[in-house]
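Quick notes on the structure that follows.
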Amino acid sequence: MAAVASRAAGILRLRAAGAERRWCGPRCAGLVQGFLQPGGEDAAQKRRVAHFTFQPDPESLQYGQTQKMNLFQSITSALDNSLAKDPTAVIFGEDVAFGGVFRCTVGLRDKYGKDRVFNTPLCEQGIVGFGIGIAVTGATAIAEIQFADYIFPAFDQIVNEAAKYRYRSGDLFNCGSLTIRAPWGCVGHGALYHSQSPEAFFAHCPGIKVVIPRSPFQAKGLLLSCIEDKNPCIFFEPKILYRAAVEQVPVEPYKIPLSQAEVIQEGSDVTLVAWGTQVHVIREVASMAQEKLGVSCEIIDLRTIVPWDMDTVCKSVVKTGRLLISHEAPLTGGFASEISSTVQCKHVIDDFLEKAKLTFLSQEQCCLTTIKFAVEECFLNLEAPISRVCGYDTPFPHIFEPFYIPDKWKCYDALRKMINY
């Protein structure tokens, strides 16, 4: 009966072992490529341009020799570095043994063996539960959920087990060496089940860290930080950037600190905050605002959703007096709401610092320990209401995706209204 149920579920989700290689494998592996280069000359003219233009960062020589990589290759490089450095590290998930549908683990099984890179049944709850068990023994567990849209069957394991393991045992046991990877966000034609951005679901859960990179360089450094962090982490990878984003990435391992937002561009009139793919959208918006309105925008890539860098964001808003937050996820309950609420809060949070340490898994996870400012000061410096430009409160559409996503025109319109407020 269990086998029949498993088979039925696989068929319903079009991910059964047999169908995977014939249908989902080639289709998913070329998801972005198919969007950028669809069949037919007319279709190519209509759909070749994405809703953003990837802007690579300047090459960094701080970490030694670099190599041109797209985002999925930078992920592969990070995983390769981890397996080489840590003999206890293992990678597992659906179809990861032959490289995964996005090719992020290609070649790793041949290099490190089938005992360290291996497939799992089509059961997300089992994948995460298995990862928790491995991590509790002290090994490094790197689990892959094939799409972020499929992470919900594992929600109980993540929220009620992984996030609470250290707290409920009084730090006698923990699964801090667990990292969960998942392709995330819109891709051009992913529709309901291949386009979601579920970061806000996990932002409500103390005990885990949630990270989303914007580029290959950021992806490798942040993923290595997640893998070596002492708390369970969820690492969402913008799937539309897997092949669209290309830049110079160091070959050797390096780490980018978690819970530290990055000010990509300094400005004086408006603060723009985003993460993942949306960072490139607001970069274009900043250029448009400067060119058309003479407005100077400060751009912040949040990078870590939980625990997020309140200090950097609030200091920027104190300087500019205006804040626009944009993400692909639906407006209601999106993480932009949390940022907006914090910026507008009138309470001084310094007295809460010591109490907060009791809530988080460890002092490292308590981002509040680094914050020494009164949020009231931030609120009193606002020159206009905070603007949130996000997805609609509907299921993610297929052919209507261009109307759903918060593109540069929606963000620019919101920014113009703030300036004229």
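Could you work out, for the range 177-281, what percent of all Cα-Cα pairs fall into each 5 Å distance bin, beginning at 0 Å and stopping at the bin that holds the largest distance?
P(r) for the range 177-281, in whole percents per bin: 2, 11, 21, 23, 21, 13, 7, 1, 0.
Just the Cα atoms of the range 297-340: what Rg and Dmax do they give in Å?
Cα-based Rg and Dmax for the range 297-340 come out at 10.5, 28 Å.
Got a number for the accessible area of Glu298? Probe 1.4 Å, square angstrom, nearest 10.
10 Å²
So, for the range 263-347, what is the accessible surface per residue at a probe of 1.4 Å, expressed in square angstrom?
On the way: 2540 Å² over 85 residues.
Here the per-residue accessible area is 30 Å².
Output ³J(HN,Hα) for the range 81-89: one whole-Hz value per residue in order, computed from phi by the Karplus curve 6.51 cos²θ - 1.76 cosθ + 1.60 with θ = phi - 60°, and x for Gly and Pro.
4, 5, 5, 6, 7, 10, x, 8, 6
Per the Kirkwood definition applied to all pairs of different Cα atoms, how many angstroms is the hydrodynamic radius of the range 87-188?
13.9 Å
Using the beta-carbon distance between Leu380 and Val106 and R0 = 51 Å, what value does 1/(1 + (r/R0)^6) give for FRET efficiency, to the nearest 0.05?
Calculated transfer efficiency: 0.45.
Provide the gained length on full extension for the span Tyr63 to Asp413, in nm with one decimal, where the gain is 0.36 nm per separating residue minus the Cα-Cα distance.
Extra length from Tyr63 to Asp413 when fully extended: 122.0 nm.
In nm², what is the average projected area of the convex hull enclosing the Cα atoms of the range 164-234?
For the Cα atoms of the range 164-234, the hull's average projected area reads 5.5 nm².
How much accessible area per residue does the range 114-207 have, counting only protein heavy atoms and a probe of 1.4 Å, in square angstrom?
Normalised by residue count, the accessible surface of the range 114-207 is 38 Å².
Test of understanding: what is the full-extension gain from Phe152 to Leu331, defined as 0.36 nm times their sequence separation minus their Cα-Cα distance? Present the calculation step by step, with values, prior to reporting the outcome.
On the way: separation 179, 0.36 × 179 = 64.44 nm, distance 1.95 nm.
Contour length minus the Cα-Cα distance gives 62.5 nm.
Quick check: Cα centre of the range 149-175 to Cα centre of the range 248-262, how many Å?
26 Å
List, in the order given, every pair from Lys68/Lys255; Lys209/Lys239; Lys68/Lys230; Lys209/Lys255 whose Cα-Cα distance in the structure shown is over 22 Å.
Lys68/Lys230
Pop a pseudo-label 7 angstrom from the Cα along the beta-carbon direction at both Ser341 and Phe118 and give the gap in nm to one decimal.
4.3 nm
Under 17 Å from a point 7 Å along the Cα-to-Cβ line of Asp86: which residues of the range 140-171 have their amide N that close?
Counting only backbone N, you get 140-145, 162-163, 166.
Excluding ligands and nucleic acids, what accessible area in Å² is computed for Tyr242 using a 1.4 Å probe, to the nearest 10?
Result for Tyr242: roughly 0 Å² accessible.
Scan around Ile305 for amide H atoms under 5 Å from its own, H built in the peptide plane at 1.01 Å from N, and keep only partners 5 or more places away or cross-chain.
Val210, Val211, Ile212
Per 0.36 nm of contour for each residue apart, how much would the distance between Gln265 and Tyr421 grow if the chain were fully extended, relative to their Cα-Cα spacing?
53.8 nm
In the full protein assembly as shown, how much of Lys114 is accessible to a 1.4 Å probe, in Å² to the nearest 10?
That residue has around 150 Å² of solvent-accessible surface.
Once neighbouring chains are kept in place and the probe is 1.4 Å, which whole percent of the accessible area of the range 102-159 is contributed by carbon and sulfur?
Working: 1280 of 2260 Å².
Carbon and sulfur: 57 percent of the exposed surface of the range 102-159.
Which parts of the range 116-152 would a label at Leu172 reach, counting a residue when its backbone N lies under 19 Å from a point 7 Å out along Cα-to-Cβ?
Flagged as within label range: 133-138.
The values are calculated or read from the model by the stated rules, or taken from the named source; none is laboratory data. The structure presented is a predicted model; accordingly, all values stated were derived computationally and were not measured. Counting neighbours? That spans all protein chains shown, and the Cβs are built from the backbone with ideal geometry, glycine included. Protein only, heavy atoms only, side chains kept; ligands, DNA and RNA dropped before computing areas. Shrake-Rupley method; radii C 1.70, N 1.55, O 1.52, S 1.80 Å.
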